[in-house]
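Please treat every number below as a calculation from the coordinates, not as lab data. What you are looking at is a predicted structure, and each value in this text was computed from that prediction instead of being measured. Note: ideal-geometry Cβ built from the backbone for every residue, glycine included; neighbour counts use all protein chains shown.
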Amino acid sequence: MKILTVVGARPQFIKAAVVSRQFASFADVSEVIVHTGQHFDSNMSEIFFSQLGIPEPRYNLNISDLNHGAMTGRMLEKTEEVILAEAPDTVLVYGDTNSTLAAALAAGKQNIRLAHVEAGLRSFNMRMPEEINRILTDRISDLLFCPTQKAMDNLQMEGFNHFSSRVYLTGDVMYDAVLHFGPSLDIPPFVVNSKLKSEEYVLCTVHRQENTSDEHIRSIVSALNQIHQELPVIMPVHPRTRQAMQQSGAVPEFFLLEPLGYLQMMALLKFSRLVMTDSGGLQKEAYFMKRPCLTLRDETEWTELVDSGCNFLAGHGTQKIITVFEKIKKETFRFDQSFYGDGKAGEKIAALLTQK
């Protein structure tokens, strides 16, 4: 059986590492990895393959830094060429990026079985490009692997029980990754060298399109500057965010780092006090590492974290961010609810994919 795995962005590399590791136990399975190039910086791409033990991509499409339509169209064209050359039994996609949708469309138009890991997530905000990507990918997938019961419920409400696709509750592969790598992580050198104390700093990331407009990035940076005076803020900077800060005139007074590999990022998270982010994946990773999360968005796909009282939606306004930060400082949290499975999601997905 040949499986064509298509990835292009940081969270997908992490998820693919978990499932790819499981394929090694199946003698009759070969995996061909396609890297679309969506994340082109070496610290946001190649380092993940080396750190996580993912097999080297057989194809790198080198498609990046384009508008959504152009990027998705170019990826669709090039992924279809790979599918025709490789003739896989299954195309495997992850998450909700342009790479995900392009590969899904390419597989669907060639009548190749399509499997979607992290199916069923919904923010119910159709202004988000990711929401469009995930909805369309789910609808044309043959196998849908849901990380949570809420994701299963979303698909049922959308009528998937009447479709020919098969839907499975597998748990979250990112939880598998944290259980695998987390115990061995040590306090990061940057924290030691900067004379910061363990659990006495904020880890922050910002990258979403809606938060990198001039107005929004200025208000977020303003809030972070004020918070930094009370509790140090560390931000590994996405290239889009660095450019947005420069163009908008926002002047960060907190710690800025270059993009980090997965293990360095998880180490920063493990020894932080709290997380501030607009990333979907980091919201979950904060919960896995037992850290409260202030989400720089008005909604989240991971509603169970908000309901549990461990994740707080703060939007992008300066005053609301500060207000929510002050609230988080005063509260205590419990992280004992098992929303994301038993740490064997990768094993379950690989077994389902390889069934004859």
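Rounded to the nearest whole Hz, the Karplus-based 3J(HN,Hα) values (6.51 cos²θ - 1.76 cosθ + 1.60, θ = phi - 60°) of the range 25-38 follow the sequence 7, 10, 5, 9, 10, 10, 10, 10, 9, 10, 9, 6, x, 4, with x at glycine and proline. Pairs of C-alpha atoms in the range 269-356 farther apart than 14 Å represent 65 percent of all such pairs. Candidates Leu196, Thr79, Leu269 compared by Cα position along the dipole of the chain: farthest toward the positive end lies Leu196, with charges placed on Cβ. Computed on the Cα atoms alone, the convex hull of the chain gives a volume of 126 cubic angstrom per residue. Assign one of three labels to the range 125-202, namely rounded, prolate or oblate, based on the Cα gyration tensor with a ≥ b ≥ c the square roots of its eigenvalues; rounded applies when a/c is under 1.5, prolate when it is not and a/b is larger than b/c, and oblate otherwise. Judged from the Cα gyration tensor, the range 125-202 comes out prolate (a/c at least 1.5, a/b above b/c). Take the Cα of His180, step 7 Å toward its Cβ, do the same at Asp65, and the gap between the two points is 3.2 nm.
Applying the Karplus relation 6.51 cos²θ - 1.76 cosθ + 1.60 with θ = phi - 60° to the range 197-203 yields 3J(HN,Hα) values of 9, 4, 6, 10, 8, 9, 9 Hz, where x marks Gly and Pro.
Taking amide H atoms as placed 1.01 Å from N in the peptide plane, the amide H of Glu31 lies under 5 Å from those of Ile3, each 5 or more residues away in sequence or on another chain. Gain on full extension, evaluated as 0.36 nm per residue between Leu352 and Phe124 minus their Cα-Cα distance, stands at 79.2 nm. What FRET efficiency, computed as 1/(1 + (r/R0)^6) with R0 = 51 Å and r the Cβ-Cβ distance, is obtained for Gln243 and Lys2, rounded to the nearest 0.05? So, using R0 = 51 Å, E works out to roughly 0.85.
Straight-line cross-link reach from Lys330 at under 23 Å between alpha-carbon atoms covers these lysines, not counting any fewer than eight positions away in the same chain: Lys197, Lys270, Lys284, Lys290, Lys320. Residue-wise HN-Hα couplings along the range 109-114, as the Karplus relation 6.51 cos²θ - 1.76 cosθ + 1.60 with θ = phi - 60° gives them from phi, are 6, 9, 6, 9, 4, 10 Hz; Gly and Pro carry x. Under 1.5 on a/c is rounded, so check that first for the range 183-330, then, if it is not, pick prolate when a/b is larger than b/c and oblate when it is not; a ≥ b ≥ c are the square roots of the alpha carbon gyration tensor eigenvalues. Judged from the Cα gyration tensor, the range 183-330 comes out rounded (a/c under 1.5). The mean sequence distance of close C-alpha pairs (under 8 Å, at least 6 residues apart), as a share of the length of the chain, puts its relative contact order at 16 percent. Taking 15 Å as the straight-line reach from the Cα of Lys329, the aspartates and glutamates in range (excluding those fewer than 8 positions away in the same chain) are Glu199, Glu200, Glu230. Potential lengthening of the chain between Lys290 and Leu169 amounts to 41.2 nm, from the contour at 0.36 nm per residue minus the alpha-carbon distance. Using the Cβ of Leu224 as centre and a radius below 12 Å, the other residues enclosed give a net charge of -1, where K and R count +1 and D and E count -1.
Close amide H pairs (under 5 Å, H built 1.01 Å from N) link Ile63 with Gly37, Gln38, residues at least 5 positions away or on another chain. When the trypsin sites (Lys or Arg not before Pro) in the range 83-155 are filtered for DSSP coil states and for at most 15 other beta-carbon atoms within 10 Å of their beta-carbon, the remaining sites are Arg127.
Under the criterion of Cα pairs below 8 Å and six or more residues apart, the relative contact order for the range 183-330 equals 26 percent.
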